[in-house]
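See structure below.
The values are calculated or read from the model by the stated rules, or taken from the named source; none is laboratory data. These numbers come from a predicted model, not from an experiment. As a convention, Cβ positions derive from the backbone with ideal geometry for all residues, glycine included, and neighbour counts pool all protein chains shown. Heads up: the accessible areas ignore ligands, DNA and RNA and are worked out on the full protein's heavy atoms, side chains in. Shrake-Rupley method; radii C 1.70, N 1.55, O 1.52, S 1.80 Å.
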Amino acid sequence: MSRSIQRRTFLTGAAALAVAATAVGAPPATAAPRASAAATSTAVSAATSTAASTAASTAVSTAFELPDDRAYPEGIAADPRTGDLYVGSYTTGAVYRATPGRRTAEVFLPAGADGRSTANGLKVDRAGRLWVTDSTSGVDVYDLRTRALLARFDVPGNAPRFVNDLAVTADGTVYLTDSVREVVYRATPAQLAAARGGRATLTTAYDLSGVVAPHPSGAYTLNGIAAQDGYLLTVDMTAGALYRVDLATGDIRQVALSGGDLVNGDGLELVGGRLWAALNGTNTITRWRLSANATAARLEKSVTDPALQIPTTLVRRNGRTLVVRSQFDKGGPMGPGTPETPFTVAWVHGI
């Protein structure tokens with residue numbers, strides 16, 4: 001298997017291809033997708049009752065374009081201080097920056113920068129540092145002002161790995177998922193200070209291998225991750241489950257989902273008591289209402305639209321949702337073909 005295909009498994013077989021956010025809210029102009037094997041009759045009922053209002057109240061439009069016709073973007077991060085957005089290229093490792101009011105992003109870090117050939121998850125911390133995961137090795141940390149590489153954290157050991165997405169907590173600690181090892185890594189501000197100008201090793205903070213559901217050999221599990229109020233949420237993209245990790249006690253529990261599941265779950269965005277999720281293989285964005293302690297989540301709204309072009313990650317800005325349109329199924333890691341260029345990031349209104 002080639003390196004590019006080996007990096008990421010997006011679909012989990014024929015059943016996953018059929019999933020369309022439990023068929024909630026598909027626009028009437030498109031064929032109704034089949035529900036996944038995991039979808040319940042409750043979810044199907046919810047789909048029927050909300051489809052018309054969802055189609056009427058949502059729209060997908062281009063927010064900005066990317067300059068590289070082979071970008072195949074994956075991760076996105078917002079700088080809360082400036083409003084700038086950063087997008088990573090899965091195929092080249094480049095990072096692009098989009099500034100407010102500009103229609104086209106610029107190259108912030110060129111392809112192959114610092115030996116990185118892929119850029120997966122991205123996050124900006126409160127100190128003005130950009131964290132960029134490389135699924136094959138770990139995470140790079142950059143100064144946004146100077147673009148200098150501040151440190152590089154490597155995964156421990158030599159076993160297969162796939163460092164996927166990351167989240168930053170209020171104290172500046174960064175947590176990262178590994179889709180193969182089924183663990184969450186940690187890098188603290190103290191570790192970053194000690195590694196400044198050099199390399200360090202990520203700490204394995206939480207092992208979820210004993211909690212995730214059984215899955216086919218080679219299938220990837222932990223993907224998107226989000227942090228808030230002393231806990232982490234991370235999605236198992238194969239089983240469609242969501243897990244809550246208590247940062248104080250280390251307790252790991254499965255979140256009770258009602259109205260749907262998170263099969264093909266990729267990027268997560270957590271704001272207040274709501275969680276947004278990108279479901280890559282079905283061109284779907286879902287929004288969930290969390291319980292007070294985030295041990296349960298109810299599906300509030302779902303949008304399935306081919307205009308999302310295999311959405312991988314998302315961020316919330318000014319009451320709207322920005323979504324990365326990867327086009328991985330058009331000549332990228334999900335299938336052959338020719339992508340529409342330029343690659344773009346979309347606004348999704350109404351969710």
All but one of (1) more than 20 Å from the chain's Cα centre (by Cα); (2) free of Cβ contacts under 8 Å to residues at least 24 places away in the same chain hold for Asp114; which doesn't? (2)
Only one of Ala292, Ala278 that is open to solvent by 10 Å² or more (accessible area, probe 1.4 Å) and either free of Cβ contacts under 8 Å to residues at least 60 places away in the same chain or in a loop (DSSP other than H, G, I, E, B) (or both): Ala292
I'm trying to understand the selection: among the residues of the range 105-120, which are open to solvent by 10 Å² or more (accessible area, probe 1.4 Å) and charged (D, E, K, R)? Glu106, Asp114
Taking the residues in the range 55-79 that are open to solvent by less than 10 Å² (accessible area, probe 1.4 Å) and acidic (Asp, Glu) as candidates, determine which candidate is farthest from Ala127 (Cα to Cα). Glu74
Within the range 295-342, work out how many residues are surrounded by 22 or more Cβ atoms within 10 Å (Cβ to Cβ), out of contact with any Phe, Trp or Tyr (no Cβ under 7 Å at 6 or more places or on another chain) and more than 27 Å from Tyr243 (Cα to Cα). 0
Select from the range 80-104 the residues that are among the small types (Gly, Ala, Ser) and more than 11 Å from Leu122 (Cα to Cα) and write down the one among them that is most open to solvent (accessible area, probe 1.4 Å). Gly101
Selection from the range 309-325 of residues that are over 17 Å from Trp288 (Cβ atoms) and either touching a Leu at 6+ places or on another chain (Cβ under 9 Å) or assigned to a strand (DSSP E or B) (or both): Thr312, Arg317, Arg320, Leu322, Val324, Arg325
Where a residue in the range 206-217 is in contact (Cβ under 8 Å) with a residue 40 or more places away in the chain and more than 24 Å from Val174 (Cβ to Cβ) and its partner, wherever it lies, is open to solvent by less than 80 Å² (accessible area, probe 1.4 Å) and in a loop (DSSP other than H, G, I, E, B), with Cβ under 9 Å and at least six apart: His215/Thr12; His215/Thr221; His215/Thr238; His215/Ala239; Pro216/Thr12; Pro216/Gly13; Pro216/Thr238
Looking only at the range 223-275, filter to residues that are open to solvent by 10 Å² or more (accessible area, probe 1.4 Å) and of a type in the set (Ser, Thr, Tyr); which one of those is farthest from Leu322 (Cα to Cα)? Thr249
Would it be correct to say that Arg186 is under 20 Å from the mean Cα position of the chain (by Cα), closer than 22 Å to Asp236 by Cβ and assigned to a loop (DSSP other than H, G, I, E, B)? no
Do we have any residue at all in the range 326-337 that's free of Cβ contacts under 8 Å to residues at least 24 places away in the same chain and in a strand (DSSP E or B)? no
